[in-house]
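Chemist: Mind looking over this structure? Questions follow.
Readers should treat all values here as calculations from the given coordinates under stated rules, not as data from a laboratory. Keep in mind that this is a model prediction, so the values were computed, not measured. No Cβ is skipped: glycine too gets one built from the backbone with ideal geometry, and neighbour counts run over all protein chains shown.
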Amino acid sequence: MPAAAAPLRHFLTSRAEAQILAAPLPPGVAAALPAALDAAEAALAPVAPATLAGLMQRLWDAGVPQPHPVTLGEWRRLLSPYPAAALAAAFDRVALTHRWAEPPRLADVARWLEAEMERLHGWHRRLGLARLRARLDARDRAEAEARHRRLERWRETLGPDQRAALAELRARVAAGESAVALLVRPGDRP
């Protein structure tokens, strides 16, 4: 795994899906998201017909009995929407666990596909949530910068007496005085 992806992997695996949106992304995570999303989408892409044929041949070469040619057409049709890596893992599991003289059923392959597909979809969901969090973080940064610019423009309009009064208020807050005490005029105190 590239070094840039390490913070992203740690972030995604250390939190539940619901927690990904709860707080801003750690440094380095947003930068790794586009490449990770591209990789996740590529991992979910349907298998190419030639690749599927090669994976199926690998299964038969492992000694698993081959289904009837008509049935193989259905295998191709029903398995073609799945990604190659998930199919390879499922076929490997079928090759390791099939013990009977008759050919395996599609359900035998699907049984092993489910877990891998859930894992791939889970990563894709988590990356999508992190992308949404990155968008929220970018929006929050833009709003904070705009607020800072407005505040700076306002400060530029203050006269010397107003700047002195603002500095005094800041010093009182820094000293621990409450905001309510700042609002009470000296003659109004009980």
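Chemist: In deg cm²/dmol, rounded to 500, what helix-only [θ] at 222 nm does the chain give when every DSSP H run of at least 4 residues adds -39500 (n - 2.57) and the total is split over its residues?
Modeler: So the helix-based figure for the chain works out to -23500 deg cm²/dmol.
Chemist: For helix 160-174, what angle does its Cα long axis make with the longest principal axis of the chain, in degrees from 0 to 90 and rounded to 10?
Modeler: 60 degrees
Chemist: Follow-up question, since we're still on this one. Cα convex hull of the range 1-60: mean projected area in nm², to one decimal?
Modeler: 5.9 nm²
Chemist: Give me P(r) over the range 131-190, computed from all C-alpha to C-alpha distances, binned every 10 Å, as integer percentages.
Modeler: Taking every Cα pair in the range 131-190, the percentages come to 18, 28, 29, 18, 6, 1.
Chemist: Whole-Hz Karplus ³J(HN,Hα) for the range 132-146, in order, using 6.51 cos²θ - 1.76 cosθ + 1.60 and θ = phi - 60°, x for Gly and Pro?
Modeler: Those phi angles translate into 4, 4, 5, 5, 4, 4, 5, 5, 4, 4, 5, 5, 5, 5, 5 Hz.
Chemist: What share of Cα pairs, in percent, lie more than 26 angstrom apart in the chain?
Modeler: When all Cα pairs of the chain are counted, 60 percent exceed 26 Å.
Chemist: While we're looking at this one, here's another question. Got a sec? Charge dipole of the range 68-190, +1 on Cβ for Lys and Arg, -1 for Asp and Glu; which of 81, 104, 159 is way out at the positive end?
Modeler: Sorting the options by dipole projection puts first 159.
Chemist: Determine, for each peptide in 50-58, 28-36, 167-175, the mean count of other beta carbons within 10 angstrom over its residues, then list the peptides with the highest first.
Modeler: 28-36, 50-58, 167-175
Chemist: If you don't mind, another one. Determine, at each q value in 0.11, 0.21, 0.23 (inverse angstroms), the log₁₀ of I(q)/I(0) that the Debye formula gives when each Cα of the range 12-111 is one equal point scatterer.
Modeler: Log-scaled intensity ratios, in q order: -0.48, -1.01, -1.17.
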